[in-house]
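Participant: Shown below is the structure under consideration.
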Amino acid sequence: MASDINHVILVGRLTRDIELRYTNGGTCVGRFSLAVNRNKRSADGQWEEETGFFDVVLWGKQAESLSTYLRKGKQIAVEGSLRQDRWEQDGQKRSRVEIAANTVQLLGGGGSSGGNGYGESDSYSAAQPFRQPNGAAAQPASDSRFSYPPSGNDGAVNDFEDDIPF
């Protein structure tokens, strides 16, 4: 039997700083909202911008580690899946759809940090350990998986700005 597909990729800007909370078991839960713009044609044929707002939830060490960087206005990419919560409140049935993030990628512009200083963006996912750029305090010194620049790069910095045609 074939399985269904539930996969979301969004690029947008944070509408507020990430809000961290902890479950009774001590697991970190980070929540934030993402504003995503798109252009569409109106009924009279003119192009207009439409903004959608999406709630995102980020779990565990990933949420704790990225809380320093996820600030209002920061542009990010989120990859994950849609999750629907249903409950009853005051006799009314309620539901909410949010994005359960698997990967968060920090992009340029806005927020309190403007990239990693190497002309690249940083990507963090549940499948890979968090790597803080520029030797930040949370970086374990004994584990080479956390080194920056990544091994194999020999410390070379790629500067592609001259190659961009616009």
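Participant: Arrange the peptides 95-106, 38-49, 68-79, 16-27 so that the one whose residues have, on average, the most other Cβ atoms within 10 Å appears first.
Facilitator: Ranked by mean Cβ neighbours within 10 Å, highest first: 68-79, 95-106, 16-27, 38-49.
Participant: Please say if region 1-108 is rounded, prolate or oblate, where rounded means a/c under 1.5 for a ≥ b ≥ c the square roots of the C-alpha gyration tensor eigenvalues, and otherwise the choice is prolate for a/b larger than b/c and oblate otherwise?
Facilitator: Here region 1-108 falls in the oblate category.
Every number in this text was worked out from the coordinates using simple rules, so none of it is lab data. What you see is a predicted model, and the numbers here were worked out from it, not measured in a lab. Backbone-built Cβ (ideal geometry, glycine too); neighbour counts: all protein chains shown.
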